[in-house]
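The values are calculated or read from the model by the stated rules, or taken from the named source; none is laboratory data. The structure displayed is predicted, hence computed values, not measured ones. Ideal geometry is used to build each Cβ from the backbone, glycine not excepted, and the neighbour counts take in all protein chains shown.
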Number of protein chains: 2
Amino acid sequence: MSNKINKVAITGGTHGNELTGVYLINKYKKNPDLVKREGFETVFMHTNVGAMEKCTRYVDKDLNRTFIKNDLANDMLYSYEDILAKNINAKLGPKGSEKTAVDFIVDLHSTTSDMGLSIVIDNDNKLTWQVVAYLKEIEPNLHIFRWKGDTKEVSFVNSITKDGFAIEVGPIPQGVLRADLFFETEKLVGYILDYFEKLNAGKLGKKYKTIEIYDHIKLLDFPRGEDGDINATVHPNLQDNGYFKLTKGDPLFVTLEGEIIKYKEDKEAYALFINEAAYYEKGFAMCLTEKKVIDI
Amino acid sequence: MSNKINKVAITGGTHGNELTGVYLINKYKKNPDLVKREGFETVFMHTNVGAMEKCTRYVDKDLNRTFIKNDLANDMLYSYEDILAKNINAKLGPKGSEKTAVDFIVDLHSTTSDMGLSIVIDNDNKLTWQVVAYLKEIEPNLHIFRWKGDTKEVSFVNSITKDGFAIEVGPIPQGVLRADLFFETEKLVGYILDYFEKLNAGKLGKKYKTIEIYDHIKLLDFPRGEDGDINATVHPNLQDNGYFKLTKGDPLFVTLEGEIIKYKEDKEAYALFINEAAYYEKGFAMCLTEKKVIDI
């Protein structure tokens, strides 16, 4: 925490059909002064131009699940995203080293789900959480989601560095640039860079002690038929309600035939990433979380 | 108009990532009785299984722009959708013949744009308009859009038959099944089949004389840079407001730099298909229309 920040990376287009990040990086390319601050360097890059050109999430596999240390070292993995990941890791990492090329990665995402303005964190490092608490103070509507993952090792782009996170905003359909959330995302990135400027200059007023988060419990799949295809979707109550509080007996899914499937667990949970398009193939309809205040 | 209806086709999955139609056809496959009515036959089919499997709009080209008579007769056109179109045309058409295999096609679509529950019509045939007026009476919220097209010849799936139209519902992200609009679409299809049952039985109470429509004026593209890429998106005023009334001076687009681009035309217009993901590559941000009552 006492070390200075030397270099920060802003990455976008990790999923080629999430246009908020794609166009924010375009904006920075046109006007790099927007991300210049005193005392450290900011780099920015499109991480998956191949997917951007097709306007798809990925070409061969999800880049944001590809940063697994053994895989990055495995020369026999040669899909488009495996090769990309090796390049990005060389540029920003390498992952797992004591001294990575950049100190912090902010990866820009959007979701078809009603997630509002949110941060997805996958590490427990002090600096990361201080930045997030600073953001939450400026933007009280910001939601903090601690992700426990769908892979054994956290394999996000931002896992290359010890510190970092993803910005996740929605609802935005894939392939659509939505003005309001574009400018909100830009503002958040600006605040993050301000934080590092203040940190390096010793001008941060305080350390944050606690923060309210949504803590990953589990991923919940759609009901599916014998063929593996979904035969129900999320109930209308949840559709446009990110961070929906589920209590035993609440409608959860509705089948194509109109039958309501209820939430059966005794424990209350908050549902998020509800009906995200990209998660149909991954096998989850939403993520169940616990709302809590944690020490940081 | 006096002729009986013998066969009606309900088609879905023409765009493989528009799941409302995909899953409604799934539902009919599981329970064909849902579309059985007295006095005529209903057939239903997935039109683009290749695109459905990839969860993309198309494999090689937009199937819903492929039903052009000369192209259907051209054996040298052999892309995936060209071949599909020939098959579908053989099954339901052929297009342009006096006696097509089916009398009426309803093609099921969804859009990322806030179109609500709407019908897109591309012909001026009496039967089509009587069906639509009947639907509008039952569902007053239904919007009727008369499409003048982005191809010289109307080339929709439903253009195979003289009569027919597309159901278009939104906002729905690509790759998402939204419960409310799924059941609304199903209801509409049911009413359409009811109409034909009544028509054949001579039980229709009246002929409709007029209907309120949104009549195509022109397609409006996003502002683009020299590289052809967009450098602005639709203004937040329009984003979630389907059928937005534009008056000279209204904000229309906002550039990535935050500059507002205004609507400059003297004539008022209603904007629809605002910020539809699939239209970025086609080169339009919205469709401008005129609201009017027409004789039918």
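Just a few scattered comments:
- Applying the condition of being more than 9 Å from chain A (Cβ to nearest Cβ) and aliphatic (A, V, I, L, M) to region B:218-241 and asking which residue is farthest from B:Thr289 (Cα to Cα) yields B:Leu238.
- Hits in region B:265-278 - residues which are within 14 Å of chain A (Cβ to nearest Cβ) and outside any loop (DSSP other than H, G, I, E, B): B:Ala277, B:Ala278
- Evaluation of A:Glu281 against the conditions (1) more than 10 Å from chain B (Cβ to nearest Cβ); (2) of a type in the set (Asp, Glu); (3) surrounded by fewer than 17 Cβ atoms within 10 Å (Cβ to Cβ); (4) free of Cβ contacts under 8 Å to residues at least 60 places away in the same chain shows that the sole unmet condition is (1).
- Subset tally (residues that are within 27 Å of A:Glu81 (Cα to Cα) and assigned to a loop (DSSP other than H, G, I, E, B)) for region A:126-158: 10
- Note on region A:96-118: residues that are within 19 Å of A:Ala179 (Cα to Cα), in contact with a helix residue (DSSP H, G or I) (Cβ under 8 Å, 6 or more places away or on another chain) and assigned to a strand (DSSP E or B) total 5.
- Of everything in region A:180-214 that is of a type in the set (Gly, Ala, Ser) and farther than 27 Å from B:Pro236 by Cβ, the residue that is farthest from the other protein chains (Cβ to nearest Cβ) is A:Gly202.
So that you can scan it fast, the table gives a plain yes or no per residue for (1) touching a residue at least 60 places away in the same chain (Cβ under 8 Å); (2) farther than 13 Å from A:Ser159 by Cβ:
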{"position": "A:Glu81", "(1), (2)": "no, yes"}
{"position": "A:Ala85", "(1), (2)": "no, no"}
{"position": "A:Pro94", "(1), (2)": "yes, no"}
{"position": "A:Phe104", "(1), (2)": "yes, no"}
{"position": "A:Thr112", "(1), (2)": "yes, yes"}
{"position": "A:Val120", "(1), (2)": "no, no"}
{"position": "A:Val131", "(1), (2)": "yes, yes"}
{"position": "A:Ile138", "(1), (2)": "no, yes"}
{"position": "A:Asn141", "(1), (2)": "no, yes"}
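- Considered as a group, the residues in region A:242-264 that are assigned to a loop (DSSP other than H, G, I, E, B) and surrounded by 14 or more Cβ atoms within 10 Å (Cβ to Cβ) include one that is nearest to the other protein chains (Cβ to nearest Cβ), and that residue is A:Leu256.
- Of the criteria (1) over 21 Å from A:Gly175 (Cβ atoms); (2) surrounded by fewer than 17 Cβ atoms within 10 Å (Cβ to Cβ), which one A:Lys61 fails: (1)
- A:Ile274 hydrophobic (A, V, I, L, M, F, W, C) and either farther than 25 Å from B:Thr185 by Cβ or crowded, with 17+ Cβ neighbours inside 10 Å (or both): yes
- Residue check, B:Ile68 away from every other protein chain (no Cβ under 14 Å), closer than 30 Å to A:Gly225 by Cα, in contact (Cβ under 8 Å) with a residue 60 or more places away in the chain and among the aliphatic types (A, V, I, L, M): no
- A:Asp60 being outside any helix (DSSP H, G or I) and at pLDDT below 95: no
- Within the span defined as region A:142-157, one or more residues are surrounded by fewer than 22 Cβ atoms within 10 Å (Cβ to Cβ), among the hydroxyl-bearing types (Ser, Thr, Tyr), closer than 30 Å to A:Ser97 by Cα and more than 10 Å from the chain's Cα centre (by Cα).
- Of the residues making up region A:1-58, those that are touching a residue at least 60 places away in the same chain (Cβ under 8 Å) and of a type in the set (Phe, Trp, Tyr) number 2.
Conditions (1) in contact with a Gly (Cβ under 9 Å, 6 or more places away or on another chain); (2) surrounded by fewer than 23 Cβ atoms within 10 Å (Cβ to Cβ), marked per residue:
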{"residue": "A:Ile172", "(1), (2)": "no, no"}
{"residue": "A:Asp180", "(1), (2)": "no, yes"}
{"residue": "A:Tyr191", "(1), (2)": "no, yes"}
{"residue": "A:Lys198", "(1), (2)": "yes, yes"}
{"residue": "A:Tyr208", "(1), (2)": "no, yes"}
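- Just one of the listed residues (B:Gly16, B:Gly12, B:Gly21) is over 30 Å from B:Leu204 (Cβ atoms) and of a type in the set (Gly, Ala, Ser), namely B:Gly16.
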